[in-house]
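Since the structure comes first, as structure tokens, the remarks are kept for the end.
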Amino acid sequence: QVELVESGGGWAQPGGSLSLSCVASGTIYSVLRMGWFRQAAGKQRELVATITYGGIGETNYAESVKGRFTISRDTAKNAAYLQMTSLKPEDTAVYYCHAERVVTLNAMENSWGQGTQVTVSS
């Protein structure tokens, strides 16, 4: 199992910036991809961004955050990050770190962090 712990959540004003960190521990080998999801009050959990853990670190972003959020990784530190800029009130949500790991040839394991609150308001 992969244990994920998020940090860096908090408050920011509209147009501001905030950075999130996710540190992984446990069986981190065979991790294919890490990412961030978020869930706002009364809404479904949605994908924010993903990055492959190996290779060149291919990234993918939700349309709503393209150009504003940047996902990155540091495999040496077993960590993933989310740099958020030009924050909007609609970015307010609980943000969850996610990891996808290969456990067998045809099976994947999904791990989730406990979540960290991000609040954007003036």
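The values are calculated or read from the model by the stated rules, or taken from the named source; none is laboratory data. Keep in mind that what you see is a predicted model, and the values were worked out from it rather than measured. Positions of Cβ are backbone-derived with ideal geometry, glycine not excepted, and every protein chain shown enters the neighbour counts. Surface areas here come from the heavy atoms of the whole protein model, side chains and all, with no ligands, DNA or RNA. Shrake-Rupley method; radii C 1.70, N 1.55, O 1.52, S 1.80 Å.
With the requirement that a residue be closer than 15 Å to Thr116 by Cα, touching a helix residue (DSSP H, G or I) at 6+ places or on another chain (Cβ under 9 Å) and part of a loop (DSSP other than H, G, I, E, B), what does the stretch 2-61 give you?
Ala40, the sole residue that qualifies.
Kindly check whether there is at least one residue in the stretch 50-71 that is over 16 Å from Tyr29 (Cα atoms) and touching a residue at least 60 places away in the same chain (Cβ under 8 Å).
Residues of the stretch 50-71 that are over 16 Å from Tyr29 (Cα atoms), as a first pass: 50, 56, 58-71.
With the extra rule that they be touching a residue at least 60 places away in the same chain (Cβ under 8 Å), the set shrinks to none.
The answer is no; no qualifying residue exists.
Considering only residues that are among the hydroxyl-bearing types (Ser, Thr, Tyr), over 13 Å from Tyr53 (Cβ atoms) and open to solvent by less than 50 Å² (accessible area, probe 1.4 Å), which ones fall in the stretch 73-122?
Correct list: Thr85, Thr92, Tyr95, Tyr96, Thr116, Thr119, Ser121.
Quick one: Thr70 ticks every box in (1) within 20 Å of Ser7 (Cβ to Cβ); (2) β-branched (Val, Ile, Thr); (3) exposed (fewer than 14 other Cβ atoms within 10 Å of the Cβ) bar one, so which box is it?
It fails just one condition, (3).
Can you pull out the residues in the stretch 91-122 that are in contact with a strand residue (DSSP E or B) (Cβ under 8 Å, 6 or more places away or on another chain), not small (Gly, Ala, Ser) and not in a strand (DSSP E or B)? Steps first, answer last, please.
Restricting attention to the stretch 91-122, the residues satisfying the condition of being in contact with a strand residue (DSSP E or B) (Cβ under 8 Å, 6 or more places away or on another chain) are 91-103, 108-121.
Filter once more, so that each one left must be not small (Gly, Ala, Ser): 91-92, 94-98, 100-103, 108-110, 112, 114, 116-120.
Residues satisfying the conditions are Asp91, Thr92, Gln114.
Gly15 fails exactly one of the following numbered conditions: (1) small (Gly, Ala, Ser); (2) open to solvent by 50 Å² or more (accessible area, probe 1.4 Å); (3) without any contact (Cβ under 8 Å) to a residue 40 or more places away in the chain. What is the number of that condition?
Going through the list (1) small (Gly, Ala, Ser); (2) open to solvent by 50 Å² or more (accessible area, probe 1.4 Å); (3) without any contact (Cβ under 8 Å) to a residue 40 or more places away in the chain, Gly15 breaks only (3).
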